[in-house]
Ligand SMILES: Cc1cc2nc3c(=O)[nH]c(=O)nc-3n(C[C@H](O)[C@H](O)[C@H](O)COP(=O)(O)OP(=O)(O)OC[C@H]3O[C@@H](n4cnc5c(N)ncnc54)[C@H](O)[C@@H]3O)c2cc1C
């Protein structure tokens with residue numbers, strides 16, 4: 001069933017893989033897409049919150065079918081009982097990730113992508129004659145195909161980068177472990193996403209509550225950066241918070257997952273190869289949100305791959321062009337967000353209270369806080385923050 005050679009082989013059928021495959025097929029290239037899961041998008045390991053319709057339209061058509069909630073605000077609980085409420089119309093969307101992933105996978109097929117599920121990639125060769133060989137298992141048999149460019153869109157559990165010699169390991173201090181629960185109660189603010197962060201809740205991560213209005217359920221969860229030995233079991237802790245914030249709720253489903261929150265990798269490209277999405281650590285290191293970053297990276301991958309074919313040059317130097325595009329759009333911003341995150345996590349409880357007091361004024365009133373009204377230590381917090 002497989003051709004011997006493809007222009008591009010894409011590994012994975014999440015937001016990164018589906019869109020990279022489609023953008024490349026749209027430009028007329030032959031694309032093979034291999035996904036190890038039997039059903040695309042299942043299981044969902046995601047809080048399912050994302051950007052606006054307008055932003056999604058940048059990547060092509062959308063459907064109301066995968067939209068669960070129109071979000072119009074954020075409720076944030078910080079250290080010291082500080083509650084910050086920001087109302088903003090059209091802030092973002094809650095998705096049905098299964099429908100979302102399958103919608104983009106179908107678009108890829110319509111664009112001409114040869115897409116296979118239950119197809120697990122097991123290795124990628126070094127470059128020979130300007131091609132890489134991709135080894136995979138499908139239908140209980142081993143197969144191999146050749147590709148001019150291989151795209152590793154294999155998510156947080158990616159091995160593709162390592163197979164081609166890139167340093168992509170998910171190191172514990174830079175990886176968020178998360179528990180996601182689906183519960184039968186609707187969030188009290190059904191058009192807002194709610195977060196709890198800081199020393200009074202979870203400091204090395206946060207708790208979230210994201211309402212899925214169409215389905216009448218709430219995604220409740222918590223993510224932690226390397227809780228470490230002798231720390232509470234993260235599922236038990238998330239369960240405690242569920243009972244505290246949603247007493248009497250019924251647990252409909254629970255999943256665990258990881259989010260790469262290291263900021264960009266030193267290198268996410270190689271000869272005849274690029275990493276897109278979670279596999280390239282393109283995820284936002286502050287929020288852990290990776291859907292639109294994966295789709296943006298997919299768009300840049302499509303452009304960079306096309307230009308490589310036009311130039312007939314698939315060398316590491318040429319593929320680096322992909323990284324330049326990512327850097328300009330989200331990479332530099334993620335580097336900054338990483339600094340801010342690390343700074344906030346290092347604060348002690350008192351500093352965090354002062355910090356969130358300042359954020360409250362800024363976020364709710366939309367103005368820079370009059371710092372002299374605050375304790376002198378707030379000045380240091382504000383100054384450090386400003387310098388980042
Ligand atoms: C608990 C949790 C909550 C989250 N909440 C949010 C949120 O609310 N909003 C948000 O924007 N982001 C969220 N994220 C992050 C988001 O889910 C990811 O950033 C996003 O899915 C990245 O897309 P991707 O295509 O890079 O990877 P994925 O969606 O993980 O897709 C990778 C695909 O590659 C496949 N694959 C892996 N290895 C192979 C192989 N060897 N052969 C073939 N196929 C392979 C996998 O099966 C998978 O289908 C959350 C993550 C977690 C874990």
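The values are calculated or read from the model by the stated rules, or taken from the named source; none is laboratory data. Small disclaimer: the values here were computed from a predicted structure and weren't measured. Because the Cβ atoms are built from the backbone with ideal geometry, glycine has one as well, and the counts that use them run over all protein chains shown.
Within region 106-127, the residues that satisfy the criterion of being touching a helix residue (DSSP H, G or I) at 6+ places or on another chain (Cβ under 6 Å) and closer than 26 Å to residue 166 by Cβ are 108, 113, 115, 123, 124. When region 210-245 is examined, which residues are found to be closer than 26 Å to residue 344 by Cβ, assigned to a loop (DSSP other than H, G, I, E, B) and more than 15 Å from the ligand (Cβ to nearest atom)? Those that are closer than 26 Å to residue 344 by Cβ, assigned to a loop (DSSP other than H, G, I, E, B) and more than 15 Å from the ligand (Cβ to nearest atom): 228, 229, 230, 231, 232, 233. The single condition from (1) within 16 Å of the ligand (Cβ to nearest atom); (2) under 23 Å from residue 13 (Cβ atoms); (3) surrounded by fewer than 19 Cβ atoms within 10 Å (Cβ to Cβ) that residue 296 fails is (3). The helices (runs of 4 or more DSSP H) found wholly in region 1-111 and carrying at least 2 residues that are under 30 Å from residue 133 (Cβ atoms) and within 14 Å of the ligand (Cβ to nearest atom) occupy 15-26, 97-110. I'd like to check something: does region 258-277 contain any residue that is within 8 Å of the ligand (Cβ to nearest atom) and part of a helix (DSSP H, G or I)? Yes.
Of the residues 225, 207, only one is more than 22 Å from residue 185 (Cβ to Cβ) and under 19 Å from the mean Cα position of the chain (by Cα); which?
Numbers: 207 fails: more than 22 Å from residue 185 (Cβ to Cβ).
Criteria check complete, one pass: 225.
Would you point out the residue of region 236-250, among those that are on the phi < 0 side of the Ramachandran plot and loosely packed, with under 14 Cβ neighbours inside 10 Å, that is modelled with the lowest pLDDT? Out of the qualifying residues, it is 236.
Considering only region 204-217, state which residues are buried (at least 19 other Cβ atoms within 10 Å of the Cβ) and more than 17 Å from residue 284 (Cβ to Cβ). If you could, list the steps in order and put the result at the bottom.
Kept after step one, since they are buried (at least 19 other Cβ atoms within 10 Å of the Cβ), are these residues of region 204-217: 205-212, 217.
Within region 204-217, 207, 209, 211, 212, 217 meet the criteria.
Kindly indicate whether any position in region 143-157 is within 15 Å of the ligand (Cβ to nearest atom), within 19 Å of the chain's Cα centre (by Cα) and without any contact (Cβ under 8 Å) to a residue 60 or more places away in the chain. No, the conditions are met nowhere in region 143-157. When each of 302, 290 is tested for being within 8 Å of the ligand (Cβ to nearest atom), modelled with pLDDT of 95 or more and crowded, with 20+ Cβ neighbours inside 10 Å, the lone residue that passes is 290.
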